[in-house]
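No value in this document is a laboratory result; all are computed from the given coordinates. Just so it is clear, the structure is predicted and the values come from calculations on it, not from any experiment. Note: ideal-geometry Cβ built from the backbone for every residue, glycine included; neighbour counts use all protein chains shown.
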Amino acid sequence: MNDYANVAVMAAAPPVPDAVVALCGWSMGGLVALMAAPIVRPDALVLLEPSLPAELAGQDPHVPMNAGTFEPAELFGRWPDDPPTRPESSLALGERKRGVSVPSVHCPLLVVAGKTYGEQRGAPVAEFYGGELAYFPHLHHVSLVREVAVRTTISDWLSGVRETRT
């Protein structure tokens, strides 16, 4: 997970002076964005049904740490619209299940959630970190990254962040 967070940190350099920097992550990438935020110090953080930090999921040091990959559809099942999946890191999965601590967020936060993990990931993350929740009860986990209404909501929210920054 730290490897993923380090890549996010390297990619987050502002492209132009005075640019508004926002980290955005979906699912495991949401936890990666949370991990990178203390280093990047973004102006805003957007999380789409993020994997939970240890503060909400707990910690279990006994979870095995296995090198290699796994097929997400075999472990979690297929999504309703059956998008293609790719192999993911077994080591990163083990780290998440052991617990990755992110005690606080120091920037405006928007958490986007749908019907798949809205109650398990969306609302608890927004409440724990004092962020805003955008809830789309008709959308499942994958649809959150495909739906135009979600992108519009994020864009509008980021415009508000930009206005309060200037």
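Amide hydrogen proximity for residue 136: with H placed 1.01 Å from N in the peptide plane, the residues at 5 or more positions away or on another chain lying under 5 Å are 113, 114.
Each Lys or Arg adds one and each Asp or Glu takes one away; over the other residues whose Cβ falls under 13 Å from the Cβ of residue 112, this sums to 0.
Helix 148-165 axis versus longest C-alpha principal axis of the chain: approximately 50°, rounded to the nearest ten. How far is helix 2-11 tilted, in degrees, relative to the longest principal axis of the Cα atoms in the chain, given as a value from 0 to 90 rounded to the nearest 10? Once rounded, the angle reads 30 degrees. Helix 28-40 sits at what angle to the longest principal axis of the chain, using alpha carbons and giving 0 to 90 degrees rounded to 10? The answer is roughly 50 degrees. Evaluated at q = 0.22, 0.24, 0.32 Å⁻¹, the base-10 log of the normalised Debye intensity for the stretch 103-151, with identical point scatterers placed on the Cα atoms, takes the values -0.72, -0.82, -1.15. Extent of the chain along its three principal axes (Cα atoms, max minus min coordinate, largest first): 47, 34, 28 Å. Only Lys, Arg, Asp and Glu carry charge here, each on its Cβ (+1 for the first two, -1 for the last two); on that basis the chain has a dipole of about 120 debye about its Cα centre. In the chain, a dipole from Cβ-located charges (positive for Lys and Arg, negative for Asp and Glu) runs towards its positive end, and of 91, 59, 116 it is 91 whose Cα lies farthest in that direction.
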